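As structure tokens, the structure follows; a few thoughts come after it.
The values are calculated or read from the model by the stated rules, or taken from the named source; none is laboratory data. If you're wondering where the values come from, they're calculated on a predicted model, not measured in any experiment. Note: ideal-geometry Cβ built from the backbone for every residue, glycine included; neighbour counts use all protein chains shown. Quick note on the areas: whole protein, heavy atoms, side chains included, nothing else; ligands and nucleic acids left out. Shrake-Rupley method; radii C 1.70, N 1.55, O 1.52, S 1.80 Å.
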Amino acid sequence: EHAQARDHQPKETMGCGRARGVRRNTRDMFSKAFGQKGLPSMSTYLAPYKVGDYVDIVVNGAIHKGMPYRYYHGRTGKVWNITKSALGVMVNKAVRGRIISKRLHVRVEHVKASRCTEEFKNRVKDNEKTKALAKKAGKHIKILKRLPKDPKPGFIVRVKKDVEGKKLQPAVMCAVPYELLA
């Protein structure tokens, strides 16, 4: 009896078992939006990638070759290798409380350039420009770092007058206690 239970042999029944396939639960994930169906455009294949670039893995359901496993769909990684028709992407994956760096090859159809460092690069460019202008003018810049926003300044609420010229009372809003009607 117990030996049979330990073997985990699947029953000889048809259909309706738990799905265990590589593409399970991807009906909506890998489907394309309305008006976006069909093969990718030429610009997808001509996009330039360099080692060290950040890319987003977005699976294109129309291309079955070089398709990454569903876990990696929507993840951002760093390019570590470039081949003829694919990119080697390094992605971090949380496994049992630790983060493992996974290296996988994904075809270019399933990859797009990430915008995750766009703001940082723009900030660096602006800072360099500001430094150059300050050096030209002979001034010293104190802070180029981002600073947290200050709290909003206080203000006085003015109450409008009604038709007769009397001041209206401000409406004070407060939470109404919940009452159980039984």
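From the coordinates of this entry, volume of the Cα convex hull per residue in Å³ is computed, and it appears in [x] 486; [y] 141; [z] 101 under the label [x]. Amide H to amide H, with H built 1.01 Å from N, residue 59 comes under 5 Å of 74, counting only residues 5 or more places away or on other chains.
Rolling a 1.4 Å probe over the protein heavy atoms gives the chain an accessible area of 91 Å² per residue.
Note down the Stokes-Einstein diffusion coefficient of the range 57-165 in µm²/s, whole number, using a Kirkwood radius over alpha carbon pairs, 10 °C, and 1.306 mPa s. Working shown, then result.
On the way: Rh = 19.3 Å.
Calculated translational D: 82 µm²/s.
Charges only on Cβ, +1 for Lys and Arg, -1 for Asp and Glu: so what's the dipole of the chain about the Cα centre, in debye to the nearest 20?
Values: 41 positive and 15 negative charges, 208 e Å.
Dipole about the Cα centre, nearest 20: 1000 debye.
Summarise the accessible area of the range 78-182 (1.4 Å probe, protein heavy atoms) by the percent that is carbon and sulfur. Intermediate results must be reported in sequence, preceding the final value.
Values: 5760 of 10080 Å².
Whole-percent figure for carbon plus sulfur exposure: 57.
Please compare each pair in 50/136; 32/78; 102/129; 32/93 to a cut-off of 32 Å on the Cα-Cα distance and tell me which ones are over it. Numbers along the way, then the final one.
Numbers: 50/136 35 Å; 32/78 25 Å; 102/129 38 Å; 32/93 25 Å.
Check vs 32 Å cut-off fails for 50/136; 102/129.
When each of the peptides 86-95, 26-35 is scored by how many other beta carbons lie within 10 Å of its residues on average, the order from highest to lowest is 86-95, 26-35. In sequence order, the range 78-91 has phi-based couplings of 10, 6, 10, 8, 10, 10, 4, 10, 9, 10, x, 10, 9, 10 Hz under the Karplus curve 6.51 cos²θ - 1.76 cosθ + 1.60, θ = phi - 60°, and Gly or Pro positions carry x. Packing, taken as the mean count of other beta carbons within 10 Å per residue, orders the peptides 104-117, 148-161, 60-73 from highest to lowest as 104-117, 60-73, 148-161.
Under the rule of -39500 (n - 2.57) per DSSP H run of 4 or more residues, summed and divided by the residues of the chain, what mean residue ellipticity at 222 nm is obtained, to the nearest 500 deg cm²/dmol?
-5000 deg cm²/dmol
Taking 0.36 nm per residue of sequence separation and removing the Cα-Cα distance, the residue 20/residue 101 pair yields an extension gain of 26.7 nm. Between the amide H of residue 82 and those of 88, distances stay under 5 Å, these residues lying 5 or more places away or on another chain, with hydrogens modeled in the peptide plane. For residue 131, a cut-off of 26 angstrom between C-alpha atoms picks up these lysines, skipping any fewer than 8 places away in its own chain: 121, 139, 142, 145, 149. Across the chain, Cα pairs under 8 Å and at least six residues apart give a relative contact order of 15 percent. In a reduced charge model with +1 at each Lys and Arg Cβ and -1 at each Asp and Glu Cβ, the range 27-121 shows a dipole moment near 380 debye about its Cα centre. Across the range 28-43, rounded Karplus estimates of 3J(HN,Hα) from the backbone phi angles (6.51 cos²θ - 1.76 cosθ + 1.60, θ = phi - 60°) give 8, 4, 9, 6, 9, 6, 4, x, 10, 6, x, 7, x, 6, 5, 4 Hz, Gly and Pro being marked x.
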